[in-house]
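K.L.:
Below is the structure I would like to discuss, written out as C-alpha coordinates.
The values are calculated or read from the model by the stated rules, or taken from the named source; none is laboratory data. Source: prediction; values computed, not measured. Quick reminder, even Gly has a Cβ in these numbers, built from the backbone with ideal geometry, and neighbours come from all protein chains shown. Remember, those area values only see protein heavy atoms, side chains included, never the ligands or the DNA or RNA. Shrake-Rupley method; radii C 1.70, N 1.55, O 1.52, S 1.80 Å.
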Amino acid sequence: MSERLHERLHYGAHLIDEADIAAVVEALRSERITQGPRVAELEARLARCTGAAHASVVNSGTAALHLAYAALGLGPGDEIITSPITFVATANAARMLGADVRFADVCPDSGNIDPESVARLVGPRTRGIVPVHFAGLPAELRELRRIADRHGLWIVEDAAHALGAAYEQEPVGSGRYSQATTFSFHPVKHITTGEGGAVCTNDARLKQAVDRLREHGLVRAPAPGSGGHFGYQLDRLGYNYRLCDVMCALGISQLDKLPRWLERRRALAALYRAELAALGTPWLTPTASGSEAQGGGARLHAQHLFSVLIDFERAGVSRAQLMTALVEQGIVPMVHYIPVCDQPYYVELYGRAGCERARAFYERELSLPLHARMNDEDVRRVVSALDSALRGGEPTGSRVKP
Ligand SMILES: *Cc1c(COP(=O)(O)O)cnc(C)c1O
(Lines give C-alpha, C1' and ligand atoms only; values in the text may rest on other atoms or scores of the structure.)
Protein backbone atom coordinates (compact mmCIF):
# COMPACT_ATOMS: atom_id res chain seq x y z
CA MET A 1 0.00 0.00 0.00
CA SER A 2 2.89 2.37 0.75
CA GLU A 3 4.17 1.37 -2.68
CA ARG A 4 0.86 2.29 -4.30
CA LEU A 5 1.03 5.65 -2.56
CA HIS A 6 4.07 6.53 -4.64
CA GLU A 7 2.75 5.17 -7.92
CA ARG A 8 2.28 7.86 -10.55
CA LEU A 9 -1.38 8.50 -11.14
CA HIS A 10 -2.08 9.47 -14.73
CA TYR A 11 -5.28 11.13 -15.91
CA GLY A 12 -6.14 7.90 -17.72
CA ALA A 13 -4.69 4.40 -18.06
CA HIS A 14 -5.54 1.01 -19.50
CA LEU A 15 -5.91 -2.16 -17.46
CA ILE A 16 -4.68 -5.46 -18.89
CA ASP A 17 -5.22 -8.59 -16.78
CA GLU A 18 -4.14 -12.23 -17.13
CA ALA A 19 -7.39 -13.15 -18.88
CA ASP A 20 -6.64 -10.52 -21.57
CA ILE A 21 -3.13 -11.89 -22.04
CA ALA A 22 -4.42 -15.48 -22.28
CA ALA A 23 -7.02 -14.43 -24.87
CA VAL A 24 -4.37 -12.73 -27.01
CA VAL A 25 -2.01 -15.71 -26.75
CA GLU A 26 -4.79 -18.05 -27.81
CA ALA A 27 -5.53 -15.83 -30.82
CA LEU A 28 -1.83 -15.80 -31.74
CA ARG A 29 -1.81 -19.60 -31.75
CA SER A 30 -4.82 -19.89 -34.01
CA GLU A 31 -4.90 -20.46 -37.77
CA ARG A 32 -5.97 -16.94 -38.69
CA ILE A 33 -4.40 -14.00 -36.94
CA THR A 34 -6.39 -11.46 -38.92
CA GLN A 35 -9.99 -11.48 -40.15
CA GLY A 36 -10.81 -14.69 -38.30
CA PRO A 37 -13.88 -15.45 -36.20
CA ARG A 38 -13.02 -12.94 -33.47
CA VAL A 39 -13.81 -9.95 -35.70
CA ALA A 40 -17.46 -10.92 -36.02
CA GLU A 41 -17.57 -11.96 -32.37
CA LEU A 42 -16.34 -8.56 -31.15
CA GLU A 43 -18.79 -6.85 -33.51
CA ALA A 44 -21.69 -8.93 -32.16
CA ARG A 45 -20.63 -8.18 -28.58
CA LEU A 46 -20.39 -4.45 -29.28
CA ALA A 47 -23.78 -4.42 -30.96
CA ARG A 48 -25.28 -6.14 -27.94
CA CYS A 49 -23.70 -3.77 -25.42
CA THR A 50 -24.66 -0.59 -27.30
CA GLY A 51 -28.06 -1.74 -28.52
CA ALA A 52 -27.09 -1.07 -32.15
CA ALA A 53 -28.22 -3.44 -34.88
CA HIS A 54 -24.72 -3.50 -36.41
CA ALA A 55 -21.13 -2.80 -35.43
CA SER A 56 -18.02 -2.71 -37.61
CA VAL A 57 -14.62 -2.78 -35.95
CA VAL A 58 -11.76 -0.81 -37.48
CA ASN A 59 -8.16 -0.08 -36.52
CA SER A 60 -8.72 3.31 -34.83
CA GLY A 61 -11.38 5.72 -33.65
CA THR A 62 -10.16 8.06 -36.38
CA ALA A 63 -10.75 5.38 -39.02
CA ALA A 64 -14.24 4.87 -37.55
CA LEU A 65 -15.04 8.58 -38.02
CA HIS A 66 -13.51 8.61 -41.52
CA LEU A 67 -15.56 5.60 -42.64
CA ALA A 68 -18.79 6.77 -41.01
CA TYR A 69 -18.50 10.12 -42.82
CA ALA A 70 -17.46 8.44 -46.09
CA ALA A 71 -20.29 5.90 -45.95
CA LEU A 72 -22.76 8.76 -45.43
CA GLY A 73 -21.42 10.32 -48.64
CA LEU A 74 -19.50 13.26 -47.20
CA GLY A 75 -17.23 14.83 -49.79
CA PRO A 76 -15.81 18.04 -51.28
CA GLY A 77 -18.17 21.01 -51.05
CA ASP A 78 -19.96 19.54 -48.02
CA GLU A 79 -19.78 20.75 -44.44
CA ILE A 80 -20.11 19.19 -41.03
CA ILE A 81 -20.74 21.03 -37.77
CA THR A 82 -18.86 19.76 -34.74
CA SER A 83 -17.48 20.81 -31.37
CA PRO A 84 -14.05 22.41 -30.91
CA ILE A 85 -13.76 20.71 -27.50
CA THR A 86 -12.64 17.39 -28.94
CA PHE A 87 -9.60 15.55 -30.21
CA VAL A 88 -8.49 16.79 -33.64
CA ALA A 89 -9.62 13.52 -35.31
CA THR A 90 -13.33 14.47 -35.22
CA ALA A 91 -12.68 17.38 -37.59
CA ASN A 92 -9.69 15.90 -39.44
CA ALA A 93 -11.70 12.91 -40.68
CA ALA A 94 -14.02 15.30 -42.54
CA ARG A 95 -11.05 17.15 -44.03
CA MET A 96 -9.65 13.79 -45.21
CA LEU A 97 -12.73 13.56 -47.44
CA GLY A 98 -12.32 17.11 -48.74
CA ALA A 99 -15.25 18.43 -46.70
CA ASP A 100 -15.25 21.58 -44.57
CA VAL A 101 -15.74 21.90 -40.82
CA ARG A 102 -17.74 24.53 -38.94
CA PHE A 103 -17.11 24.74 -35.22
CA ALA A 104 -20.11 25.35 -32.97
CA ASP A 105 -19.68 26.72 -29.47
CA VAL A 106 -20.13 24.59 -26.35
CA CYS A 107 -22.23 24.56 -23.18
CA PRO A 108 -20.10 26.13 -20.42
CA ASP A 109 -20.84 23.51 -17.74
CA SER A 110 -20.28 20.35 -19.80
CA GLY A 111 -18.07 21.23 -22.77
CA ASN A 112 -20.67 19.57 -25.00
CA ILE A 113 -21.81 21.11 -28.28
CA ASP A 114 -24.50 23.77 -27.81
CA PRO A 115 -27.56 23.01 -30.01
CA GLU A 116 -28.37 26.73 -30.34
CA SER A 117 -24.93 27.41 -31.73
CA VAL A 118 -25.35 24.47 -34.14
CA ALA A 119 -28.68 25.83 -35.37
CA ARG A 120 -27.05 29.18 -36.19
CA LEU A 121 -24.31 27.51 -38.29
CA VAL A 122 -26.52 25.34 -40.52
CA GLY A 123 -26.20 26.43 -44.14
CA PRO A 124 -26.86 25.11 -47.63
CA ARG A 125 -23.67 23.01 -47.60
CA THR A 126 -24.24 21.42 -44.19
CA ARG A 127 -24.62 17.63 -44.40
CA GLY A 128 -24.17 16.45 -40.85
CA ILE A 129 -23.80 17.26 -37.16
CA VAL A 130 -21.12 15.51 -35.10
CA PRO A 131 -21.63 15.83 -31.34
CA VAL A 132 -18.80 14.64 -29.09
CA HIS A 133 -19.92 13.25 -25.73
CA PHE A 134 -17.25 15.10 -23.79
CA ALA A 135 -15.72 13.18 -20.86
CA GLY A 136 -18.49 10.58 -21.26
CA LEU A 137 -21.56 12.78 -20.77
CA PRO A 138 -23.98 12.51 -23.72
CA ALA A 139 -24.64 15.72 -25.64
CA GLU A 140 -28.19 17.06 -25.96
CA LEU A 141 -29.15 14.51 -28.64
CA ARG A 142 -32.90 15.15 -28.78
CA GLU A 143 -32.40 18.83 -29.52
CA LEU A 144 -29.69 18.08 -32.09
CA ARG A 145 -31.97 15.54 -33.79
CA ARG A 146 -34.70 18.19 -34.04
CA ILE A 147 -32.29 20.54 -35.82
CA ALA A 148 -31.03 17.73 -38.07
CA ASP A 149 -34.57 16.73 -39.04
CA ARG A 150 -35.51 20.33 -39.81
CA HIS A 151 -32.67 20.53 -42.34
CA GLY A 152 -32.36 16.93 -43.56
CA LEU A 153 -28.98 16.33 -41.91
CA TRP A 154 -27.39 13.19 -40.54
CA ILE A 155 -25.85 12.88 -37.10
CA VAL A 156 -22.70 10.92 -36.29
CA GLU A 157 -21.95 10.68 -32.57
CA ASP A 158 -18.26 10.71 -31.70
CA ALA A 159 -18.57 8.49 -28.64
CA ALA A 160 -14.85 7.89 -28.10
CA HIS A 161 -15.45 8.98 -24.46
CA ALA A 162 -18.86 7.46 -24.03
CA LEU A 163 -18.87 3.65 -24.20
CA GLY A 164 -21.40 2.72 -21.50
CA ALA A 165 -23.09 6.12 -21.32
CA ALA A 166 -26.84 6.49 -21.77
CA TYR A 167 -29.22 9.22 -22.88
CA GLU A 168 -32.81 8.91 -21.73
CA GLN A 169 -32.34 5.25 -20.82
CA GLU A 170 -30.93 4.45 -24.29
CA PRO A 171 -27.28 3.36 -24.40
CA VAL A 172 -25.01 5.60 -26.49
CA GLY A 173 -24.57 3.72 -29.76
CA SER A 174 -28.19 2.57 -29.95
CA GLY A 175 -28.73 5.03 -32.79
CA ARG A 176 -31.99 6.39 -31.42
CA TYR A 177 -30.96 9.91 -32.46
CA SER A 178 -28.19 9.35 -35.00
CA GLN A 179 -27.24 7.54 -38.18
CA ALA A 180 -23.99 6.20 -36.73
CA THR A 181 -21.91 6.26 -33.55
CA THR A 182 -18.14 5.85 -33.42
CA PHE A 183 -15.95 4.50 -30.62
CA SER A 184 -12.20 4.37 -29.95
CA PHE A 185 -10.26 1.57 -28.26
CA HIS A 186 -7.10 3.56 -27.69
CA PRO A 187 -5.53 2.54 -24.33
CA VAL A 188 -6.76 5.68 -22.58
CA LYS A 189 -10.43 4.91 -23.38
CA HIS A 190 -12.83 2.58 -21.50
CA ILE A 191 -11.62 -0.60 -23.20
CA THR A 192 -8.60 -1.08 -25.44
CA THR A 193 -7.36 -3.10 -28.39
CA GLY A 194 -4.04 -1.20 -28.44
CA GLU A 195 -5.30 0.80 -31.38
CA GLY A 196 -8.86 0.29 -32.57
CA GLY A 197 -12.34 1.61 -32.97
CA ALA A 198 -15.86 0.82 -34.17
CA VAL A 199 -18.80 2.20 -36.08
CA CYS A 200 -22.27 1.31 -34.76
CA THR A 201 -25.41 1.80 -36.83
CA ASN A 202 -28.93 0.48 -37.31
CA ASP A 203 -28.73 0.95 -41.08
CA ALA A 204 -27.73 -2.28 -42.85
CA ARG A 205 -26.68 -0.38 -46.00
CA LEU A 206 -24.45 1.92 -43.97
CA LYS A 207 -22.87 -1.10 -42.27
CA GLN A 208 -22.20 -2.66 -45.68
CA ALA A 209 -20.64 0.56 -47.00
CA VAL A 210 -18.38 0.85 -43.92
CA ASP A 211 -17.30 -2.80 -44.28
CA ARG A 212 -16.39 -2.32 -47.94
CA LEU A 213 -14.50 0.92 -47.34
CA ARG A 214 -12.63 -0.81 -44.50
CA GLU A 215 -11.31 -3.30 -47.04
CA HIS A 216 -10.05 -1.13 -49.92
CA GLY A 217 -13.55 -0.67 -51.34
CA LEU A 218 -13.64 -4.25 -52.58
CA VAL A 219 -16.74 -6.36 -53.12
CA ARG A 220 -16.38 -10.12 -53.32
CA ALA A 221 -17.54 -11.22 -56.76
CA PRO A 222 -16.41 -14.17 -58.89
CA ALA A 223 -14.00 -13.04 -61.64
CA PRO A 224 -14.93 -14.04 -65.19
CA GLY A 225 -13.63 -17.55 -65.85
CA SER A 226 -12.85 -18.10 -62.14
CA GLY A 227 -15.35 -20.90 -61.74
CA GLY A 228 -16.20 -19.22 -58.45
CA HIS A 229 -12.73 -19.91 -57.00
CA PHE A 230 -11.56 -16.31 -56.85
CA GLY A 231 -12.49 -12.74 -57.57
CA TYR A 232 -13.31 -9.33 -56.21
CA GLN A 233 -14.40 -6.07 -57.69
CA LEU A 234 -13.41 -2.48 -56.97
CA ASP A 235 -16.24 0.04 -57.42
CA ARG A 236 -15.17 2.72 -54.98
CA LEU A 237 -11.82 3.68 -53.50
CA GLY A 238 -11.39 2.48 -49.93
CA TYR A 239 -8.74 1.87 -47.26
CA ASN A 240 -7.19 -0.88 -45.19
CA TYR A 241 -8.75 -0.11 -41.82
CA ARG A 242 -9.17 -3.71 -40.65
CA LEU A 243 -8.74 -4.64 -36.97
CA CYS A 244 -6.89 -7.96 -36.73
CA ASP A 245 -8.13 -11.06 -34.91
CA VAL A 246 -5.45 -10.81 -32.22
CA MET A 247 -6.60 -7.34 -31.22
CA CYS A 248 -10.25 -8.41 -31.43
CA ALA A 249 -9.44 -11.15 -28.90
CA LEU A 250 -8.21 -8.43 -26.56
CA GLY A 251 -11.33 -6.35 -27.22
CA ILE A 252 -13.66 -9.25 -26.41
CA SER A 253 -11.81 -9.97 -23.18
CA GLN A 254 -11.83 -6.27 -22.24
CA LEU A 255 -15.58 -5.97 -22.90
CA ASP A 256 -16.19 -8.68 -20.28
CA LYS A 257 -14.94 -6.19 -17.70
CA LEU A 258 -16.70 -3.07 -18.98
CA PRO A 259 -19.73 -3.19 -16.60
CA ARG A 260 -17.44 -3.58 -13.59
CA TRP A 261 -15.10 -0.83 -14.79
CA LEU A 262 -17.95 1.57 -15.46
CA GLU A 263 -19.20 0.98 -11.93
CA ARG A 264 -15.70 1.67 -10.56
CA ARG A 265 -15.30 4.85 -12.62
CA ARG A 266 -18.71 6.13 -11.50
CA ALA A 267 -17.98 5.34 -7.85
CA LEU A 268 -14.60 7.12 -8.05
CA ALA A 269 -16.24 10.12 -9.73
CA ALA A 270 -18.90 10.30 -7.01
CA LEU A 271 -16.17 10.21 -4.37
CA TYR A 272 -14.29 13.00 -6.19
CA ARG A 273 -17.46 15.11 -6.20
CA ALA A 274 -18.01 14.60 -2.48
CA GLU A 275 -14.37 15.24 -1.54
CA LEU A 276 -14.08 18.31 -3.76
CA ALA A 277 -17.33 19.74 -2.39
CA ALA A 278 -15.92 19.29 1.13
CA LEU A 279 -12.97 21.53 0.21
CA GLY A 280 -15.36 24.48 0.11
CA THR A 281 -13.72 26.09 -2.93
CA PRO A 282 -16.49 27.54 -5.11
CA TRP A 283 -13.99 28.36 -7.86
CA LEU A 284 -13.37 24.67 -8.45
CA THR A 285 -16.35 22.81 -9.91
CA PRO A 286 -16.57 19.42 -11.63
CA THR A 287 -18.10 19.55 -15.13
CA ALA A 288 -21.74 18.50 -15.46
CA SER A 289 -22.54 15.09 -13.94
CA GLY A 290 -25.71 14.47 -15.92
CA SER A 291 -27.92 14.54 -12.86
CA GLU A 292 -28.42 18.34 -12.94
CA ALA A 293 -31.98 19.44 -13.66
CA GLN A 294 -31.50 21.31 -16.92
CA GLY A 295 -34.71 20.54 -18.73
CA GLY A 296 -32.73 18.28 -21.05
CA GLY A 297 -32.90 14.50 -21.31
CA ALA A 298 -31.71 12.33 -18.43
CA ARG A 299 -28.11 11.34 -19.03
CA LEU A 300 -25.88 8.62 -17.59
CA HIS A 301 -22.23 9.65 -17.52
CA ALA A 302 -19.61 7.10 -18.67
CA GLN A 303 -16.81 8.96 -16.79
CA HIS A 304 -14.04 8.55 -19.34
CA LEU A 305 -12.53 11.68 -17.78
CA PHE A 306 -12.98 13.37 -14.46
CA SER A 307 -13.00 16.93 -15.69
CA VAL A 308 -13.05 19.97 -13.40
CA LEU A 309 -13.22 23.67 -14.16
CA ILE A 310 -11.05 25.99 -12.10
CA ASP A 311 -11.18 29.78 -12.02
CA PHE A 312 -7.41 30.10 -11.73
CA GLU A 313 -7.58 33.83 -11.15
CA ARG A 314 -9.72 33.36 -8.06
CA ALA A 315 -7.64 30.37 -6.99
CA GLY A 316 -4.56 32.61 -7.05
CA VAL A 317 -2.48 30.03 -8.91
CA SER A 318 -1.89 29.46 -12.62
CA ARG A 319 -2.78 26.17 -14.28
CA ALA A 320 0.89 25.55 -15.09
CA GLN A 321 1.85 26.09 -11.42
CA LEU A 322 -0.91 23.78 -10.24
CA MET A 323 0.07 21.08 -12.73
CA THR A 324 3.73 21.33 -11.70
CA ALA A 325 2.77 20.96 -8.03
CA LEU A 326 0.63 17.91 -8.79
CA VAL A 327 3.26 16.25 -11.00
CA GLU A 328 5.78 16.73 -8.17
CA GLN A 329 3.46 14.60 -6.04
CA GLY A 330 3.19 11.91 -8.71
CA ILE A 331 -0.17 13.06 -10.04
CA VAL A 332 -0.36 13.66 -13.77
CA PRO A 333 -3.45 15.62 -14.85
CA MET A 334 -4.24 16.63 -18.45
CA VAL A 335 -6.06 19.42 -20.25
CA HIS A 336 -8.95 18.60 -22.62
CA TYR A 337 -8.82 20.16 -25.14
CA ILE A 338 -7.02 22.98 -26.91
CA PRO A 339 -10.01 24.10 -29.03
CA VAL A 340 -9.57 22.42 -32.42
CA CYS A 341 -10.66 25.63 -34.19
CA ASP A 342 -7.56 27.33 -32.71
CA GLN A 343 -5.08 24.79 -34.12
CA PRO A 344 -2.87 26.53 -36.70
CA TYR A 345 -4.13 24.23 -39.47
CA TYR A 346 -7.75 25.29 -38.91
CA VAL A 347 -6.97 28.97 -38.28
CA GLU A 348 -5.10 28.99 -41.59
CA LEU A 349 -8.12 27.43 -43.33
CA TYR A 350 -11.01 29.27 -41.74
CA GLY A 351 -9.63 32.16 -39.71
CA ARG A 352 -10.61 32.68 -36.09
CA ALA A 353 -13.84 30.90 -35.11
CA GLY A 354 -16.26 32.61 -32.73
CA CYS A 355 -16.16 29.88 -30.09
CA GLU A 356 -15.59 32.04 -27.01
CA ARG A 357 -17.24 29.65 -24.57
CA ALA A 358 -15.01 26.83 -25.85
CA ARG A 359 -11.95 29.01 -25.20
CA ALA A 360 -13.18 29.88 -21.70
CA PHE A 361 -13.81 26.16 -21.05
CA TYR A 362 -10.31 25.27 -22.21
CA GLU A 363 -8.75 27.99 -20.03
CA ARG A 364 -10.33 26.48 -16.91
CA GLU A 365 -10.32 22.75 -17.68
CA LEU A 366 -8.25 20.14 -15.85
CA SER A 367 -8.75 16.36 -16.07
CA LEU A 368 -7.86 14.62 -12.81
CA PRO A 369 -6.75 10.96 -12.73
CA LEU A 370 -9.61 8.54 -13.32
CA HIS A 371 -9.30 4.96 -14.50
CA ALA A 372 -10.27 1.44 -13.54
CA ARG A 373 -6.99 0.72 -11.72
CA MET A 374 -7.68 3.40 -9.12
CA ASN A 375 -9.19 2.98 -5.67
CA ASP A 376 -10.80 5.36 -3.15
CA GLU A 377 -7.42 6.03 -1.54
CA ASP A 378 -6.08 7.31 -4.87
CA VAL A 379 -8.95 9.80 -5.17
CA ARG A 380 -8.30 11.10 -1.64
CA ARG A 381 -4.61 11.41 -2.49
CA VAL A 382 -5.42 13.52 -5.57
CA VAL A 383 -7.85 15.76 -3.69
CA SER A 384 -5.38 16.23 -0.84
CA ALA A 385 -2.60 17.15 -3.28
CA LEU A 386 -4.95 19.52 -5.08
CA ASP A 387 -5.98 21.11 -1.79
CA SER A 388 -2.40 21.70 -0.67
CA ALA A 389 -1.33 22.96 -4.10
CA LEU A 390 -4.21 25.43 -4.14
CA ARG A 391 -3.33 26.61 -0.65
CA GLY A 392 0.31 26.83 -1.66
CA GLY A 393 1.25 24.87 1.44
CA GLU A 394 2.07 21.41 2.64
CA PRO A 395 -0.33 18.49 2.17
CA THR A 396 -2.89 18.59 4.97
CA GLY A 397 -2.32 14.92 5.57
CA SER A 398 -5.69 14.63 7.22
CA ARG A 399 -7.29 13.35 4.04
CA VAL A 400 -4.86 10.52 3.40
CA LYS A 401 -5.42 7.78 5.94
CA PRO A 402 -2.18 6.26 7.29
C1 LIG B 1 -9.54 9.18 -28.90
C2 LIG B 1 -10.47 10.03 -29.66
C3 LIG B 1 -10.61 9.95 -31.06
C4 LIG B 1 -9.68 9.18 -31.94
O5 LIG B 1 -9.53 7.87 -31.63
P6 LIG B 1 -8.20 7.07 -32.06
O7 LIG B 1 -8.57 5.67 -31.72
O8 LIG B 1 -7.08 7.60 -31.21
O9 LIG B 1 -7.98 7.29 -33.49
C10 LIG B 1 -11.59 10.71 -31.67
N11 LIG B 1 -12.39 11.53 -30.96
C12 LIG B 1 -12.26 11.66 -29.63
C13 LIG B 1 -13.19 12.58 -28.91
C14 LIG B 1 -11.30 10.93 -28.94
O15 LIG B 1 -11.17 11.09 -27.62
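K.L.:
How would LYS257, LYS207 line up by accessible area, probe 1.4 Å, largest first?
P.N.:
My answer, sorted largest first, is LYS207, LYS257.
K.L.:
Ignoring any ligand, DNA or RNA, what whole percent of the accessible area of segment 10-251 comes from carbon and sulfur when the probe is 1.4 angstrom?
P.N.:
53
K.L.:
Filter the GluC sites (Glu not before Pro) in segment 14-108 down to the DSSP loop ones having no more than 14 other Cβ atoms within 10 Å, then list what survives.
P.N.:
Answer by residue number: GLU31.
K.L.:
While we're here: Tell me, what are the semi-axes, in whole angstrom and largest first, of the equivalent ellipsoid of segment 257-391 as set by the roots of 5 times the Cα gyration tensor eigenvalues?
P.N.:
Rounded to whole Å, the semi-axes are 26, 20, 15.
K.L.:
Full extension from GLU348 to ASN375: what is 0.36 nm times the residue separation minus their Cα-Cα distance, to one decimal in nm?
P.N.:
5.3 nm
K.L.:
Using the heavy atoms of the protein chains alone and a 1.4 angstrom probe, what is the accessible area of the chain per residue in square angstrom?
P.N.:
Solvent-accessible surface per residue comes out at 43 Å².
K.L.:
Rounded to the nearest 20 Debye, what is the dipole magnitude of the chain about its Cα centre when Lys and Arg each give +1 and Asp and Glu each give -1 at the C-beta?
P.N.:
The dipole magnitude comes to about 460 debye.
K.L.:
Helix 245-279 against the longest principal axis of the chain: what's the angle in degrees, Cα atoms only, rounded to the nearest 10?
P.N.:
Long axis of 245-279 versus the principal axis of the chain: about 30 degrees.
K.L.:
Right, another one. If you take every DSSP beta bridge fully contained in segment 34-170, what fraction is antiparallel? Give it as a percent rounded to 5.
P.N.:
DSSP beta bridges in segment 34-170 are roughly 15 percent antiparallel.
K.L.:
A further question on this structure: In whole Å, what are the Cα extents of segment 10-251 along the three principal axes, biggest one first?
P.N.:
If we take the Cα atoms of segment 10-251, the spans are 55, 48, 28 Å.
K.L.:
So, one more: Relative to the compact-globule scaling 2.2 N^0.38 Å, provide the ratio for the alpha-carbon radius of gyration of segment 249-336.
P.N.:
So segment 249-336 has a normalised radius of gyration of 1.33.
K.L.:
Could you tell me the distance between the Cα centroids of segment 293-359 and segment 209-235, to the nearest Å?
P.N.:
Using only Cα atoms, the two centres lie 46 Å from each other.
K.L.:
What full-extension length gain, to one decimal in nm, is calculated for ALA277 and ALA19 as 0.36 nm per residue of separation minus the Cα-Cα distance?
P.N.:
Once the chain is fully extended between ALA277 and ALA19, it gains 89.1 nm.
K.L.:
OK, next. Want the number for ALA320 to ASP100: 0.36 nm per residue separation, take away the alpha-carbon distance, what's left?
P.N.:
75.8 nm
K.L.:
Within 10 Å of each candidate Cβ there may be at most 15 other Cβ atoms; applying that plus a DSSP loop requirement, which trypsin sites (Lys or Arg not before Pro) in segment 316-357 survive?
P.N.:
ARG352
K.L.:
Quick check on the chain: of the DSSP beta bridges with both residues there, what percent are antiparallel, nearest 5%?
P.N.:
Counting DSSP beta bridges with both partners in the chain, the antiparallel share is about 60 percent.
K.L.:
Also: Quick one: if you stick a label point 7 Å off each Cα along the C-beta vector at GLU7 and ARG29, how many nm between them?
P.N.:
Distance between the two pseudo-spin positions: 2.9 nm.
K.L.:
Compute the angle between helix 141-151 and the longest alpha-carbon principal axis of the chain, please, reported from 0 to 90 degrees and rounded to the nearest 10.
P.N.:
The angle comes out near 40 degrees.
K.L.:
Would you work out which of ILE252, LEU370, ALA360 lies farthest towards the positive end of the dipole of segment 251-381? Charges go on Cβ: Lys and Arg +1, Asp and Glu -1.
P.N.:
After comparing all options, I get ILE252.
K.L.:
Tell me the Kirkwood hydrodynamic radius of segment 124-180 in angstroms, computed as one over the mean inverse distance between distinct C-alpha pairs.
P.N.:
By the Kirkwood definition, the hydrodynamic radius is 11.3 Å.
K.L.:
Would you mind checking the tilt of helix 319-328 against the longest principal axis of the Cα atoms of the chain, expressed as 0 to 90 degrees and rounded to 10?
P.N.:
90
K.L.:
Additional query: What percentage of the solvent-accessible surface of segment 266-325, computed with a 1.4 Å probe over protein heavy atoms, is contributed by carbon and sulfur atoms?
P.N.:
Carbon and sulfur atoms account for 56 percent of the accessible area of segment 266-325.
K.L.:
Select from segment 1-80 those trypsin sites (Lys or Arg not before Pro) which occupy a DSSP coil region and have at most 14 other Cβ atoms within 10 Å, ordered by residue number.
P.N.:
Those that pass, being in a loop and sparsely packed, are ARG8, ARG29, ARG32.
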